[in-house]
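What follows is a single structure, written as structure tokens, with notes after it.
Rule-based calculations on the coordinates, nothing more; no lab input. Remember, it's a predicted structure, so these values are computed and weren't measured experimentally. Note: ideal-geometry Cβ built from the backbone for every residue, glycine included; neighbour counts use all protein chains shown.
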Amino acid sequence: MSKLPKDAHPQYLPDMLRRAMPDLGPIYYLDIWPFGPQMLIVTSTRGLHQITQEHSLPKYHALKSFLEPIADGLDIVTMEGDLWKTWRGIFNPGFSASHLMNLTSSLLEETECFCEILQELSREGKVFRMKDLTDNLTMDVIGRVVLDAKLNSQKHSNPLVDGLRMQVKWLVFGGEANPLARFNPMRPLVLWYNKRRMNKYVSREIDSRFAKLQSEGVHSKKGNKSIIDLVLAAYMSENAGRDPQVLDKTFKKFTMSQIKLFLFSGHDTTSSTVCYIFYILATKPAVLARVRAEHDSVLGSDTSKPASVITSEPFLLNQLPYTLAVIKEVLRLYPAVSSTRAGEPNFNVTDDSGQQFPTDGFLVWANSQCIHRDPAYWPRPENFLPERWLVAPGDPLHPSKRTWRPFEHGPRNCIGQELAMLEMKVIMVMAARRFEIGLAYEDLDRERGGKGVRIVCGERGYQIQRSQPSDNLPCRVAEVVG
């Protein structure tokens with residue numbers, strides 16, 4: 001760990017161990033007491049298939065404690081059994097690719113606001129942190145898609161967004177460098193206050209959408225319904241024989257928890273990945289040139305009109321294979337999340353040699369970062385090669401089955417993956433041809449005096465605790481002329 005910067009993401013550790021100890025194998029135990037629990041690290045496709053698909057292990061208990069201040073312990077990330085199946089099924093239709101295409105105009109509108117901010121920053125010429133901008137953008141997108149609410153966090157303060165962000169600052173997972181943080185006497189009061197702010201806002205939005213559905217009718221032909229509209233419409237149809245004027249309190253409570261979860265997890269992970277897209281476009285001019293050429297070919301060369309073109313033909317976004325390949329390759333090298341599961345009695349993970357690893361009492365860590373950079377699965381794993389997603393099966397560069405896992409596999413995969421992919425395509429289409437993004441790490445390092453380790457895997461923009469590039473990706477931006 002001494003070879004890593006202090007703020008580097010822990011998911012680098014298994015990959016560093018693999019490099020330092022090649023005989024370790026893809027499945028092994030790791031004890032980091034007193035900084036965290038005993039772990040079983042799983043970095044093989046066979047092992048990951050066992051714990052996510054053959055026998056989907058439950059989520060690790062600390063994750064539930066971590067999310068409780070946001071989602072009250074009622075979220076689909078940490079639910080198990082029939083309760084999880086019920087609520088995952090309730091929200092699945094709203095996150096389907098076909099439904100999300102109906103909401104493309106909302107994504108375009110929020111992304112246009114993002115581009116206006118970049119335009120203003122280009123005039124000022126100052127260094128800014130890209131993660132601050134992408135956080136606001138993805139938060140506004142989630143607000144539109146899930147609640148049909150204009151949060152306007154890109155330009156103004158919003159009580160829901162402010163409450164959520166303040167809450168995130170007080171979250172603790174269990175392996176903090178400063179364990180006293182969880183015992184701060186102010187913490188319970190702050191968490192209660194922030195949760196109250198969030199609940200008040202979300203409750204009001206749900207009531208508003210419910211009342212509107214009652215007035216318009218459940219079977220309104222409006223095509224661009226938000227996810228909450230679909231959920232409430234399904235609820236009203238299912239309860240048509242009862243009193244549809246009253247929203248069941250338990251149903252509302254669970255629905256509120258999912259919405260807060262989507263706002264938290266959906267905005268932060270996508271925001272980090274968008275930052276890495278800009279990081280790649282800023283450091284690899286050949287990739288940027290090919291992205292721009294594809295956008296010109298499919299959407300026309302007028303860079304002021306992509307929003308109107310896509311609004312009239314949203315499925316053009318599915319005709320951008322190189323753009324999609326860039327996004328997939330970014331997610332391979334810089335996955336935003338990994339999966340932590342709880343071991344169970346009498347359940348073992350078996351490696352390729354047949355050796356069995358008991359899981360009972362261990363945090364089972366499905367580490368996608370390590371498998372995404374493993375030369376056993378990926379030719380030239382450290383190289384950014386969108387071409388690997390464009391070659392035919394049978395080509396040595398073509399990805400092997402089950403090796404790409406940014407959203408995990410199995411029944412507990414990420415519910416928001418289609419939205420994330422759509423967001424990233426829209427952002428690239430709207431911004432890649434209009435702006436030149438330049439990294440400003442050198443400015444930052446000069447101010448600090450150049451001390452300390454600031455490179456991981458040869459990159460200055462290494463991933464830090466919440467998976468974003470280090471220092472939140474300091475940038476300058478220039479508007480493309482002509």
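Distances between placed amide hydrogens fall under 5 Å for residue 456 paired with 462, all partners being 5 or more residues away or on another chain.
Summary of packing: across the peptides 135-145, 454-464, the per-residue average of other C-beta atoms within 10 Å ranks them, highest first, as 135-145, 454-464. Of interest is the spacing of the C-alpha centroids, which for the range 86-131 and the range 141-162 amounts to 11 Å. Starting from a Cα-only point model with no solvent, please compute log10 I(q)/I(0) by Debye for the chain at q = 0.06, 0.11, 0.13 1/Å. Ignoring solvent entirely, the Cα scatterers give -0.28, -1.00, -1.41.
Across the options 47, 317, 469, the greatest Cα extent toward the positive end of the charge dipole of the chain (unit charges at beta carbon of Lys, Arg, Asp, Glu) belongs to 469. Using R0 = 25 Å, the C-beta based FRET efficiency linking residue 459 and residue 124 works out to 0.35. For residue 318, what is the net charge nearby, where nearby means another residue's Cβ is under 15 Å from its Cβ and Lys, Arg count +1, Asp, Glu -1? So the environment of residue 318 carries a net charge of -2.
If only the Cβ of Lys and Arg carry +1 and only the Cβ of Asp and Glu carry -1, the dipole of the chain around its Cα centre is close to 660 debye. With the helix formula -39500 (n - 2.57) applied to DSSP H stretches of n ≥ 4, the chain reaches a computed 222 nm mean residue ellipticity of -15000 deg cm²/dmol. When each of the peptides 4-11, 119-126 is scored by the mean number of other C-beta atoms lying within 10 Å of its residues, the order from highest to lowest reads 4-11, 119-126. From the alpha carbon centroid of the range 419-478 to that of the range 1-29 is 23 Å. Pop the C-beta distance of residue 238 and residue 481 into the FRET formula with R0 = 60 Å and round what comes out to the nearest 0.05. About 0.60, to the nearest 0.05. Once a ≥ b ≥ c are taken as the square roots of the eigenvalues of the Cα gyration tensor of the range 45-124, is the result rounded (a/c under 1.5), prolate (a/b larger than b/c) or oblate (a/b not larger than b/c)? Prolate. For the range 63-221, a crude dipole built from +1 on the beta carbon of Lys and Arg and -1 on the beta carbon of Asp and Glu, taken about the Cα centre, is about 400 debye to the nearest 20.
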